[in-house]
Structure formats: structure tokens, C-alpha cells
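Just passing along the structure, written as C-alpha cells.
All of the numbers you see were taken from the coordinates with simple rules; none came from a lab. Fair warning: this is a prediction, and the values are worked out from it, not measured in the lab. Counting neighbours? That spans all protein chains shown, and the Cβs are built from the backbone with ideal geometry, glycine included.
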Amino acid sequence: MTREELRARILDGLDEDPDDPVFWSAAQVNASLEEAREVLAEEAGSTVRTAFVVLEPGQHTYRLSAIAPDVMAPFRLWLVAPERRLHVVSMADLDRHALQWRDTEREPMAWFPIAWDTFGVYPRGSGLLRVDYLAWPRELLDDGDRPEGPASDAEAIVLYGRYDGELKRWHAQAAADTFAQFRALWGDQTARAGVQRGPAEYQRGEATGAGLTRGLAR
């Protein structure tokens with residue numbers, strides 16, 4: 001659906017004339033659409049992109065803003081050559097199992113969160129890193145633009161817009177019912193599990209993969 005079509009469906013659901021609404025301007029509904037898309041991106045991981053980072057010899061840490069301006073959180077990192085996925089670990093794991101990790105330099109095998117906007121690789125080394133990340137959605141610039149993502153995302157955007165409209169009309173029960181429908185469209189954690197795990201790992205720094213701690217000690 002285009003932005004114009006999404007806006008029309010929201011207004012129609014609020015019993016407003018899409019061509020001549022009384023209580024909402026086009027700008028207000030457009031703002032609600034963008035808010036809905038950000039909520040979907042953050043809660044359901046609906047926007048996934050890939051970027052590449054050149055690893056610098058001797059450098060452990062990298063900033064997300066240097067990868068791309070729209071990075072929300074990385075969830076999967078690969079060393080391009082040889083093709084190998086890097087496991088995620090915590091700095092505490094590194095301190096426990098690889099005491100000299102800050103001085104180790106060879107082909108990277110793991111990555112670790114440092115702060116909300118910074119991550120590190122271990123061991124430090126050179127090469128090309130592929131970063132799969134959850135991204136903030138690109139803003140819809142005109143009425144002919146279409147949001148990224150599957151058709152179910154468009155349905156969720158419409159529901160969120162109606163929920164926002166019901167709130168502005170102080171229709172609390174209608175807003176609660178509509179928000180419940182909105183949540184149902186992205187609440188299937190099983191379908192989203194492959195992406196949802198990424199941000200949690202990034203925040204907690206959990207180790208994954210059998211034998212990883214043994215590998216760190218080598």
C-alpha cells in the first residue's frame with residue numbers, strides 16, 4: 001500500500017472522510033504512520049539490512065554509526081573470507097576464559113557488545129565483516145511511497161493509526177481493542193525468533209554455540 005492508501009484506510013476506520021477529514025490533518029496521520037513503522041521496527045524487527053565493515057588491524061572496537069546511519073542493533077556478524085559466523089560473547093566471558101584477549105591478534109572468531117552504540121571483535125584482526133542488522137525504517141517522503149516489509153506490516157500500520165486516532169478521541173476501550181489487534185500481527189514470537197534473538201543477545205552479551213568458551217581459551 002502507498003502512504004495515501006494507508007492514510008485513507010486509517011481515516012475510514014475512524015469514520016472520517018479520507019478526502020475531507022474533520023478531526024485530523026494529513027500531516028497528523030502521516031506522523032502516526034511513521035510512529036507505527038518505528039514501533040514495528042523496534043518491537044518486531046521488521047526492517048533488516050546488511051552492511052560491510054573493513055576490520056582494521058589492531059582495532060577491537062567499532063561504532064554502529066560508522067556502519068550505517070540507520071542501525072538499530074546488529075544481530076548477526078560474518079567474516080566474509082573465510083565465510084564464518086562470529087559468535088556473540090560478553091566481555092566478562094572474555095575476561096574469564098581468555099585472559100590475554102586484549103593483546104590477541106589473529107582471525108576474529110567472536111564479537112561482543114560494549115555499549116548501545118559500540119561493539120568489539122575478538123581476536124582483533126583484519127578482513128571484511130558482514131553485519132546483518134535491524135534498521136530504523138526509511139521515512140515515506142510522498143503519498144506514492146510504499147513502506148518496506150510484508151503486507152502484514154501494512155495491516156499493522158493501519159491498526160496503529162486507528163489506535164492513535166482513538167486515543168486522541170479519548171475512546172479508551174476502542175483504543176485498547178485496536179492496540180490488541182495491532183500486537184497480534186507482530187506478536188508471533190515463533191515466526192520472528194530468528195531476528196528477535198539478535199537484540200537480546202546484543203544487550204546481554206550472551207555466548208552462543210557449543211564449545212565456545214573452550215575456543216576462547218585457545
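Rounded to the nearest 5, what % of the DSSP beta bridges within the chain are antiparallel ones?
90
Right, here's the next one. What distance in nm separates the simple spin-label points at Arg183 and Asp19, each placed 7 Å from Cα in the Cβ direction?
Using points 7 Å along Cα→Cβ, the separation is 3.9 nm.
Choose one of Thr2, Ala98, Phe75: the residue whose Cα lies farthest towards the positive end of the charge dipole of region 1-135 (beta-carbon charges +1 Lys, Arg; -1 Asp, Glu; about the Cα centre).
Highest projection toward the positive end goes to Ala98.
What does the convex hull of the Cα atoms of region 112-180 come to per residue, in Å³, rounded to a whole number?
184
Computed over the Cα atoms of the chain, what is the ratio Rg over Rh, Rh following Kirkwood?
Reported Rg/Rh, Kirkwood definition of Rh: 1.11.
Something else now. Calculate how large, on average over all directions, the projected area of the Cα convex hull of region 99-148 is; give the answer in nm² to one decimal.
About 5.4 nm², averaged over all directions.
Based on a Kirkwood Rh over C-alpha pairs, give the Stokes-Einstein translational diffusion coefficient of region 36-158 at 4 °C and viscosity 1.567 mPa s in µm²/s.
81
Here's something else I'd like to know. Subtract the Cα-Cα distance of Ala176 and Asp95 from 0.36 nm times their separation in residues, and report this length gain in nm to one decimal.
Gain on stretching Ala176 to Asp95: 24.4 nm.
Compute the distance in nm between two label points, each set 7 Å from the Cα along the Cα-to-Cβ direction, one at Ala68 and one at Glu4.
Once both label points are built, they end up 2.9 nm from each other.
Further question: For the charge dipole of the chain, defined by +1 on Lys and Arg C-beta atoms and -1 on Asp and Glu C-beta atoms about the Cα centroid, which residue among Val121, Ala180, Ala31 has the Cα displaced farthest towards the positive pole?
Val121
Please give the length that would be gained between Asp132 and Lys168 if that part of the chain were fully extended, namely 0.36 nm times their separation in residues minus their C-alpha to C-alpha distance (nm, one decimal).
Residue separation times 0.36 nm, minus the Cα-Cα distance, leaves 9.2 nm.
Now for a separate question. What is the magnitude of the charge dipole of region 4-148 about its Cα centre, with +1 placed on the Cβ of each Lys and Arg, -1 on the Cβ of each Asp and Glu, and no other charges, expressed in debye to the nearest 20?
Dipole magnitude for region 4-148 comes out near 1520 debye.
If exposed chymotrypsin sites (Phe, Trp or Tyr not before Pro) are those in a DSSP loop with at most 11 other Cβ within 10 Å, what is the longest stretch of the chain that has none?
Longest site-free region, per DSSP loop and neighbour criteria: 1-115.
Please get the size of the charge dipole for region 72-111, origin at its Cα centre, with Cβ charges of +1 on Lys and Arg and -1 on Asp and Glu, quoted in debye to the nearest 20.
Approximately 140 debye in magnitude.
Another question, if that's okay. Spin-label point model (7 Å from Cα, Cβ direction): what's the Glu155 to Asp142 distance in nm?
3.1
Can I ask one more? For region 23-101, what D do you get in µm² per second when you plug the Kirkwood radius from alpha-carbon pairs into Stokes-Einstein at 10 °C and 1.306 mPa s?
Value of D from the Cα-based Kirkwood radius: 98 µm²/s.
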